[in-house]
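FYI, it's all coordinate maths here, none of it is from the lab. No experiment lies behind these values; they were computed from the predicted model shown. For neighbour counting, all protein chains shown are included, and Cβ atoms are generated from backbone atoms with ideal geometry for every residue, glycine included.
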Amino acid sequence: MLLLGGPPVAGQIQVTVDATADVKPISPYLYGRNNSFSSTDPNWTLPGQDLVRLRDAGVTFFRESGGNNSSKYNWRRKLSSHPDWYNNVYVNNCNQAAQALQKHFPAAQGMWAFQLLGYAAKTNAANFPDWDYNRSQWWEGVSQNLAGGGVPNATGTKAKTEGNISLYLEKWTADSSVAMLDHWFGAGGIGLKKEGIRYWNMDNEPEIWSGTHDDVMPEQISPQEFMRRYIELAKKARAKFPEIKLVGPVTANEWQWYNWGNKPITEYGKTYPWLEYFIKTIAEEQQKSGVRLLDVLDIHFYPSSKKTEDIVQFHRVFFDRNYSFSEANGVKTINGGYDKSLTREYIFGRCNDWLTQYLGAVHGVTLGLTETGLDNSVAPSVTAVWYASTLGEFMKNSVELFTPWTWNTGMWETLHLLSHYNQSHSVRGVSGNEAVVSAYPSVNPAGDSLTVVLVNRSEAAQAVNVVFSHFVPMQEKATMLTLSQLPADETFVSHTQNALKKSQVDLAGTALNVSLAPMSVSSIQLRNGGTILGEAPLPEPFHVFPNPTWEHITVRWAGQDFDKITITESTGRELYGQPLQKTQREAIVRRKFAAGIYLIRLSGPAGQSTVRKFIAR
């Protein structure tokens, strides 16, 4: 199949790509997922086919805390209480999962969670005998509080008699939670590398604990009490692990973005949406204590619609200030009361506004979405379009973490296409009809390679004219890889066995014409005056983290040999220089930096070099 370039024709959607505008590093941790490793089966090993799929799909970030099951995790006893299954206590060995992660994916990041609920699992001796009751079948009563000697109610979600929490839980303090850092990374610990598990969730969905964990919290604690617990634990974690990334408050869904329990928060006569109150309180405490308490603002999002026309627009919920969300609910309470006319969410846009308002313009807090998902009845091609659109919006808006909770057919294929062929920096791509077709372009650090992801959200084919600025593609056939008409069964096995359809595009000067298949995701790889990108990915750029930093930094790269690392001030004055070994792929710089902007340069034996910027606070 050959798609010809040339001038635009009637009916085409116009797309402009500027390779030097809005240049932003793409977080490598957008290519993440939940629950890839087992911590419940002591005999578990990662199956070979799963290892290949995870590696070839390009997973770089693993959130392994387990959602609701993380709130009562006891790392000392390797147990957790399951609130969605009678509160029964089962084996949960996060050591095992973390060791498997660092063995098989040494360059990836893992994330677990601290406990703020106040209780952790103690023993499985008081479990409700669910096998004897109904052969462990699911029914509406699985959320009844029956561990600890409870008496089941044959209908409904409330037990006839609640179980006694003291029979299966023990009190759990902030000190107990952060002591896991010593157990994993400290002297005498199990030897995990802390630079590979830098991100930590601050528990999970605290706004709904009176529902998910009503055995220990039949009435929701106040937001002030939660913030007290959060701040206490955050300070202790930062003291033990200065480079830690604290990720919170891990809100449950759209209603909880704005409400604690069932309403916004009123304090000293003023009403605040929950996320604004959280940010305000963090800012106030940071100013008083001088301790950084938040690195990534994290939310969850579970839309319910199964309609294609809704699903393919869900990516607009986060930053689009003009998008009217059909399931808007919590946002209607943002000013107090319930204003039915309020339907525009732009929740990450709002959070960025609040972060700037309370923490200042250079606050360094990034954004994350660590749980989301669609109904499993959604068609794979629609799933692929939704996932690609969300990844694309997060790329161009500097979101740091993205780990969907549900993983439906179409997502492996999309993850592989974008993680494998995208470049390292997002640049500007504007469509004349964003609701139907969007472009998500990216360039490499040298600016000589560019990838354009084109998403067609229509059930019909779309003719698109792409015009490039500050980039002159080679005047030969370019490769286009497309996902469309995906079957119901999983098709992604590996980098060489998948559902990608390969075609070619001709270019005419700085433009190309292309026909996008209905409900499709396409990736076009271009070189600026060079050769076509082949099947092998470009070498990864090097990463600097944490960025912004306060003390130490880690520099990590792949593919290329360098013989020296240098750090200079923005004026050019060199502050640090260190030789590198030929096979070295990571350097840790242990020193404090005065507040300012610095440049890190990796230099090679043939005179090649690459540079990244980092900020010290």
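General remarks:
- Listed residues Tyr268, Thr403, Trp139: farthest to the positive end of the dipole of the chain (Cβ charges): Tyr268
- Charge dipole of the chain (Cα centre as origin; +1 on each Lys and Arg Cβ, -1 on each Asp and Glu Cβ, all else neutral): 1500 debye, rounded to the nearest 20.
- Between 0 and 90 degrees, the angle of helix 48-57 with respect to the longest Cα principal axis of the chain falls at about 50 degrees.
- 21 Å Cα-Cα threshold exceeded, pairs from Lys396/Lys592; Lys103/Lys194; Lys245/Lys280; Lys307/Lys332: Lys396/Lys592; Lys307/Lys332
- Here the stretch 140-252 is treated with +1 on each Lys and Arg Cβ and -1 on each Asp and Glu Cβ, and its dipole about the Cα centre works out to around 500 debye.
- The aspartates and glutamates whose alpha-carbon is closer than 14 Å to the alpha-carbon of Lys78, local same-chain residues fewer than 8 away aside, are Asp41, Glu170.
- Remark: spin-label model distance Gln99-Asn124 equals 1.8 nm, labels positioned 7 Å along the Cα→Cβ axis.
- Whole-number percent relative contact order across the stretch 144-216, with pairs defined as alpha carbons under 8 Å at least 6 apart: 21 percent
- By the rule of a C-alpha distance below 26 Å, with chain neighbours fewer than 8 residues away ignored, the lysines paired with Lys158 are Lys72, Lys122, Lys171, Lys263.
- log₁₀ of I(q)/I(0) at q = 0.12, 0.15, 0.17, 0.24 Å⁻¹ - the stretch 427-527, Debye sum with one point per alpha carbon: -0.41, -0.63, -0.80, -1.37
- Taking the stretch 330-486 and dividing mean pair separation by its residue count, relative contact order in percent (alpha carbons under 8 Å, at least six apart): 17 percent
- Between 0 and 90 degrees, the angle of helix 223-240 with respect to the longest Cα principal axis of the chain falls at about 70 degrees.
- Label selected from (i) 122, 56, 51; (ii) 75, 57, 56; (iii) 68, 58, 50, the criterion being Cα extents along the principal axes in Å as computed here: (ii)
- In a reduced charge model with +1 at each Lys and Arg Cβ and -1 at each Asp and Glu Cβ, the stretch 427-527 shows a dipole moment near 160 debye about its Cα centre.
- Mean separation of Cα contacts under 8 Å (6+ apart) over length of the chain, as relative contact order %: 16 percent
- The length gained on full extension between Asp175 and Lys477, counted as 0.36 nm times the residue separation minus their Cα-Cα distance, comes to 102.7 nm.
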